[in-house]
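See below for the structure under consideration.
The values are calculated or read from the model by the stated rules, or taken from the named source; none is laboratory data. These figures come from a predicted structure and were not determined experimentally. Methodologically, a virtual Cβ is constructed for each residue, glycine included, from the backbone with ideal geometry; neighbour enumeration extends over all protein chains shown.
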Amino acid sequence: MPSRPARILRLLVAALLLTGDVAVFAAAEGGTSANRAAASSAIVIRPRWIVEVETGEKHAGWALRAEGNRTAAVGPASAVAVPPGARVIELPGATLLPGLIDAHVHLTWDDGKSEATREAARKTLEAGFTTVRSCGAPEGADLVLRDAIDRGEIAGPRVIAAGAPLGFAGGVCAQVFPGSGVFSTAEQALAHVRKLAAAGASWVKICAGGGVVPGPDDETAVEVAPETLAAIVAEAHRLGLKVAAHAQGPAAVAAAVRAGVDSIEHGALLDEAAAKLMVERGTWLVPTYYRLRWRREQAAANGAPAAALERAAAAGEKVRNRQQRAIALGVKVALGTDATVIPYGLDAREVAAMVELGMTPLQALQAATTHAAAMLGWSDRVGSLAPGHFADLVAVEGDPLADPAALERVALVVKGGVVVREPPAPAPTAAPAPAPTPSP
Ligand SMILES: [Zn+2]
């Protein structure tokens, strides 16, 4: 039996969906008034290829039509009607994909509305990431950001937010997110979970063990007593919230999985036993792998001593081996970057990094679309080009199935049927081009 707040929320969402997508969501997704006007009529996109991420099939000569905030039709261009007044966007070199999902970001470190926050949200969206899970912000600022985006006051991705993370006093989350989520007793932790639920958070983020980046001590680090962790998860689930656990080493990962968390964040040093436990329990892994390379590259650029760089490279190699093994064992993976550690807007680099972890480019794309959507419980609305889903789309120059780096060459981003980034308009052709000068 779902809790009363959850039931009410569900009814509200159902009512919103039935009220007529165009009016409600076009207003909600805002941006400029030009954007809102664009949402009032259909968009037909004709790229070079359309990729069905569910199967990896790549279709040439297909088109997609968005109406209101939803995808209305996708298929061979001849079968996708162009209604009168529709805007047709031709992208002859580009591949169209569902808008991508970054399931681990931190977009705000202040009040959720500052200039820095707006820039983070905009860069993420313009990189083709139309949905994110915020794995925490000071005092729930990500809830403020989420609502501002939903109201159209800030341009950004859809945000699924965890609010102020739970952290045992003196531990990692308590240091990074001091404030209301810091606890010393199970009672304090449960009270915070209930506060998060009341504030509208969808996830609880908790640090189960291990540093921000993995270190040697993290092999055995465990931050929260197993019974406290289990009580937190039970209370969160009772209130309809999922739980994401920051955990680096095998002990913290296993403890969190046994407590019933829904996702392990980082899991940099998880071993085979912990990975098998995750497979058994269906726990998701969000590897956030690229950030380690980013940090090494930054250290090198900043002139770090060779010995330190060698140590970092060896540590990175260890993480790669452990995560590769876990993925090979069949752990479910969703893409997350921990953006804030890496600059905003570089989220797509995680796809190529996941290929280093042994995934095919298609599997990595699925981690950023269908699989991330499944983890978030949003399979019915994001992560797919299927009609009925939000028209959240990204087109990139080239073929990301052959070359994941193509994901950084963004040509078009659409969120909820609204174009938020598009190719520059072709130069006007008033005067005929001058005849080419014959070369000597
Ligand atoms: Zn994080």
So for the stretch 173-181 (the condition being touching a Pro at 6+ places or on another chain (Cβ under 7 Å), modelled with pLDDT of 95 or more, within 16 Å of the ligand (Cβ to nearest atom) and more than 30 Å from residue 311 (Cβ to Cβ)), does at least one residue qualify? yes
With the condition kept exactly as written, say whether any residue in the stretch 144-151 is of a type in the set (Gly, Ala, Ser) and either assigned to a helix (DSSP H, G or I) or surrounded by fewer than 24 Cβ atoms within 10 Å (Cβ to Cβ) (or both). yes
Restricting attention to the stretch 298-322, which residues are surrounded by 17 or more Cβ atoms within 10 Å (Cβ to Cβ) and either within 16 Å of the ligand (Cβ to nearest atom) or of a type in the set (A, V, I, L, M, F, W, C) (or both)? 312, 315, 319
Among (1) crowded, with 19+ Cβ neighbours inside 10 Å; (2) within 16 Å of the ligand (Cβ to nearest atom), which single condition is residue 331 missing? (2)
When you go through (1) assigned to a loop (DSSP other than H, G, I, E, B); (2) crowded, with 23+ Cβ neighbours inside 10 Å; (3) within 13 Å of the ligand (Cβ to nearest atom) one by one for residue 109, which number turns out not to apply? (2)
Residue 210, sole failed condition from (1) within 16 Å of the ligand (Cβ to nearest atom); (2) farther than 24 Å from residue 357 by Cβ: (2)
Enumeration of residues in the stretch 193-207 that are away from the ligand (no atom under 16 Å from the Cβ), over 17 Å from residue 225 (Cα atoms) and buried (at least 24 other Cβ atoms within 10 Å of the Cβ): 196
Taking the stated definitions as given, is residue 133 modelled with pLDDT of 95 or more and within 16 Å of the ligand (Cβ to nearest atom)? yes
Please count how many residues of the stretch 112-128 are surrounded by fewer than 18 Cβ atoms within 10 Å (Cβ to Cβ) and in contact with a Ser or Thr (Cβ under 9 Å, 6 or more places away or on another chain). 2
